[in-house]
Each structure stands twice: as C-alpha cells, then as structure tokens.
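Just below is one structure, and these are the notes that go with it.
The values are calculated or read from the model by the stated rules, or taken from the named source; none is laboratory data. All values reported here derive from a predicted model rather than from experimental measurement. Here the Cβ positions follow ideal geometry from the backbone for every residue, glycine too, while neighbour counts run over all protein chains shown.
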Amino acid sequence: MIRVLADSNVLVDFLARCGDFYALARKLMVFAEMGDYELWASSSQVTDVSYVLSNGGRASCVPAAREALLALRRFVRVCAPGEREVDRALESDWPDFEDALVYQVATSIDAAVIVTRNARDFGRSAIPVRTPEEFFSWMERHNHVAYDEIAL
C-alpha cells in the first residue's frame, strides 16, 4: 500500500473548504477513505491544523475544529514525530523547521510522496513532492486508473 503524507495546507484546505483548493483536497481524502492509498499526517500537524481551524484556539471555535479532526481521523493515519525526527529536522539546513519535520516524518513512515500546495517548501526533499493535481496524474500513470469522482 502506498503511503502518502499530506502537508498541513492540504488538510486545512479540506477541513476549512478553502475555495479553489477544496475540490482537490477533498478528492485526496475520498480516495484515501476508499483505500487506494494510506494517507498520513504527523501529530504535530494535527496540532497546527487544530490551531488554524479554531482561529488561534478561540474557545468558541474549538469544538468545531475538534469535530472536524475527529472526522478526518476516519481515513488519515497519524504518526508521532519522536526524538529522531525532531533532531534530524533541527540539524537539517532546511529554512523552515515545520517543513523539515514534515519531511522527517515522511521519511520515517516510508512515504512514497508528500502532497502539498507548496512544493517549493520541500525543495530539499529526497521523497517526491507533488501538488494534489500532480499526485492524481502520477497515480493514474502508476495504477492505470482514472481518479475521477462520479456525481450521483
């Protein structure tokens, strides 16, 4: 089973239904839920996404953020970065620690790809980095299947 690490921006795009980005983020979640691949995030990303969805931890927004993340857990697996991942991210020459940590988590779970809206943030990645759209083009070539949703 292919392991895919979703960057925080893709998770937020889906959960917050972010305009133009929502449809592809939703598609990523739908096919993960169908079992076409394993979709992963780190526990630190879940914390970051919770903070964003709750408008900085605003008490009135926390219950909705928590409910959204609980629903996401039906089809997104979570890996906790440990000392090894944190140390490697801190020792790296990546300019953004959060991106370095996401990359180290992807390495530790043997992810085949990192899916993000900001591929340039992962310029030092040895793991392929794709936008959601690029990911589905790659999956179609890899699996010889069209990843289109059917409206019912």
Practice task
Tell me, yes or no, whether the range 117-134 has at least one residue that is in contact with a strand residue (DSSP E or B) (Cβ under 9 Å, 6 or more places away or on another chain), surrounded by 14 or more Cβ atoms within 10 Å (Cβ to Cβ), of a type in the set (Asp, Glu) and not in a loop (DSSP other than H, G, I, E, B).
Solution key: yes
Handout entry: Those residues of the range 43-84 which are among the aliphatic types (A, V, I, L, M) and farther than 16 Å from Leu101 by Cβ, in sequence order
Key = Val52, Leu53, Ala59, Val62, Ala64, Ala65, Ala68, Leu69, Leu70, Ala71, Leu72, Val76
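Pick from Gln45, Gln104: which is in a helix (DSSP H, G or I), modelled with pLDDT of 95 or more, within 16 Å of Val10 (Cβ to Cβ) and among the polar types (S, T, N, Q)?
Details: Gln104 fails: within 16 Å of Val10 (Cβ to Cβ).
Answer to the check: Gln45.
Please go through the range 1-20 and give me each residue that is free of Cβ contacts under 8 Å to residues at least 60 places away in the same chain, of a type in the set (A, V, I, L, M) and part of a loop (DSSP other than H, G, I, E, B), ordered by number. Reasoning before the result, please.
Taking the range 1-20 and keeping what is free of Cβ contacts under 8 Å to residues at least 60 places away in the same chain, we get 1, 12, 14-20.
Now narrow it down to the ones that are of a type in the set (A, V, I, L, M): 1, 12, 15-16.
The answer is Met1, Ala16.
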Handout entry: Odd one out for Arg66 among (1) modelled with pLDDT under 95; (2) among the charged types (D, E, K, R); (3) surrounded by fewer than 16 Cβ atoms within 10 Å (Cβ to Cβ)
Key = (1)
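Answer yes if at least one residue in the range 28-38 is of a type in the set (Ser, Thr, Tyr) and under 19 Å from Glu134 (Cα atoms), and no otherwise.
For the range 28-38, residues of a type in the set (Ser, Thr, Tyr) and under 19 Å from Glu134 (Cα atoms): present.
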Fill in the blank from the handout: Scanning the range 22-77 residue by residue, the ones that are within 13 Å of the chain's Cα centre (by Cα) and touching a residue at least 12 places away in the same chain (Cβ under 8 Å) total 24
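Please work out if Asp87 is part of a helix (DSSP H, G or I), surrounded by 18 or more Cβ atoms within 10 Å (Cβ to Cβ) and charged (D, E, K, R). Please lay out each step first, then the result.
Details: part of a helix (DSSP H, G or I): yes; surrounded by 18 or more Cβ atoms within 10 Å (Cβ to Cβ): no; charged (D, E, K, R): yes.
No: the conditions fail for Asp87.
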Completion exercise
Among the residues of the range 21-42, the number that are over 20 Å from Glu67 (Cα atoms) and in a strand (DSSP E or B) is 1
